[in-house]
Amino acid sequence: MLTPHLRTILAALAMLLLSACGGSDDDKQPAGNGALTVNLANLPAGLPAAVRISGPASYAKTISAGQTLTGLKAGSYTVTADSILSGNLSWSAAAPVQSATVADGGTAVVNISYSSSTLALGVREVASVSGAVFLAAPAGDARQFIVERSGRILVMQDGALLGTPFLDIRNRVAATGEGGLLSMAFDPQYASNGWFFIYYTDAGNNIVVERHSVSSTNRNLAEPTAVLEIIRIPHPGATNHYGGLVSFGPDGFLYLATGDGGGAGDPNGNAQNLNVLLGKMLRLDVANSRGAQPYVIPPTNPFVGQAGRRAEIWASGLRNPWRYAFDADRLYIADVGQGKREEVDIAGISQGGLNYGWNIMEASLCYNAAICNKSGVTLPAFEYEHGPNKVNGCSITGGYVYRGKAIAELAGRYFYSDYCGGYLKSFLYKDNSVTEPASWSIPDIDAVLSFGQDGNGELYLIAATGKVYRIVRAGTS
């Protein structure tokens, strides 16, 4: 016999199940019987549009081709046609935003006509900092943080550099060869925990990653005593090929890319040795870092529990991955080549354990051999031959996938440059292949040392001269 208490529980459970199934017929919103036809004109065949429709009852839909939308409620709908890019051509609607009134039982029509123009990019100088090597910002923050190779981080606010550095550790940084303070990354929870991470080389030629904290009383200053060493990686011998970037992936883990230890051809075989941390992409969990345990190994790392293989390793076979970038669930690694080719390796962030081939291979070429064993090697998604400066170059400078708002047509394009080339180029990675390669005519700003990305997703170029430039639409002041 059911007790009153049990009857109450069962009744509540029945109501919960009914709710999960959508409730009674009386609770369902009746479908409308209006329609909206969207016609597109003058777009090249095969070029998808990006048309957003919004309307009553939180209706929202994006279409890539002309079509008739049915089952709509009566009311006013807004049709927004975004500009789209094909190579260097931008296709824009004559009327990018239109309204249409859908009547009960009727069909409204919106006609969108496109025309093309060449999209031109330019650069605008925003700062000049001797030794500038990187630029970053917390998500949504209007400031820019400029990393100085000597060991300082400067804050740029409202277009002006603040007089006091955010961080100054010049007494602990050795900028010999390719070393120095090379990058920084803000914790995904920076707004609440104030943590940021830096990547530098010390006087002992080691690669060091540390966690620091912002001051509790001044957000433009770091707390000088709140320092936790995350990892220290020996880098004996040569003073080049340190890698240099620390970054958080969309999975919340901390990634860092190390060089192979330097010296032509990876003489110590570090990149293919899974028992050392050089020539690798590392993946660490630092969410609960503390002195006794500065990081833990994510259980999904590919070499967890395997003898003779470091569990910190996410990917191997890298020569000098100076810069890499995440875009949603995808990772782009720009790996500097030896003497013939530069490469960009692209993989999903769930694809751990990939071997990118160095020093068996240089990009898709066998290195120092006519033939080589390519089994187990992941070939680059994109590569280019060394060649004339300003055309090809000699040392890739990896950038970012554009996700800003100032030049919406560029969405999804990966930008890169070359230290010897000093140019600006991009491509679109779609359906597992590189498409729409584009070269952008920008003023000669000398060798491009690094890219930067601010809190709104806008991109910057950092020249070897120390000048920092924002990438803008040509003609934008």
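Based on DSSP H runs of at least 4 residues, each adding -39500 (n - 2.57), what is the mean residue ellipticity at 222 nm of the chain after dividing by all its residues, to the nearest 500 deg cm²/dmol? Calculated mean residue ellipticity at 222 nm is -1500 deg cm²/dmol. Compared with the dominant principal axis of the Cα atoms in the chain, helix 4-20 is inclined by about 90°.
Probe radius 1.4 Å, ligands and nucleic acids left out: which of Asp168, Asp431 has the largest accessible area, and how do the rest follow? Display every interim value, and only then the final one.
Working: Asp168 70, Asp431 130 Å².
Per-residue accessible area, sorted high to low, gives Asp431, Asp168.
Would you please classify the overall shape of region 231-390 from the alpha carbon gyration tensor, given that a ≥ b ≥ c denote the square roots of the eigenvalues, rounded means a/c under 1.5, and beyond that prolate means a/b larger than b/c while oblate covers the rest? Judged from the Cα gyration tensor, region 231-390 comes out prolate (a/c at least 1.5, a/b above b/c). Once the Cα-Cα distance is subtracted from the 0.36 nm per residue extended length, the Arg330 to Ser76 segment shows a gain of 87.6 nm. Computed on protein heavy atoms with a 1.4 Å probe, the accessible areas place Val472, Val227 in the order Val227, Val472, largest first.
Can you flag which of Lys73/Lys430; Lys280/Lys467; Lys374/Lys425; Lys280/Lys340; Lys280/Lys374 are past 24 Å Cα-Cα? Kindly include the intermediate steps, with their values, before the conclusion.
Working: Lys73/Lys430 35 Å; Lys280/Lys467 30 Å; Lys374/Lys425 29 Å; Lys280/Lys340 21 Å; Lys280/Lys374 18 Å.
Pairs exceeding 24 Å: Lys73/Lys430; Lys280/Lys467; Lys374/Lys425.
Just the protein heavy atoms count here, and of the accessible area of the chain at 1.4 Å, carbon and sulfur take up 51 percent. Which one is right for this structure if volume of the Cα convex hull per residue in Å³ is calculated from it: (1) 135; (2) 195; (3) 226? Answer by label: (3).
Around the amide H of Ala226, modelled in the peptide plane, lie the amide H atoms of Ser213, all under 5 Å away and 5 or more residues distant in sequence or on another chain. In the context of the full set of protein chains, the chain has a per residue accessible area of 44 Å² (1.4 Å probe).
The values are calculated or read from the model by the stated rules, or taken from the named source; none is laboratory data. The structure presented is a predicted model; accordingly, all values stated were derived computationally and were not measured. Just the protein is used for accessible areas: all its heavy atoms, side chains included, with ligands, DNA and RNA removed. Shrake-Rupley method; radii C 1.70, N 1.55, O 1.52, S 1.80 Å.
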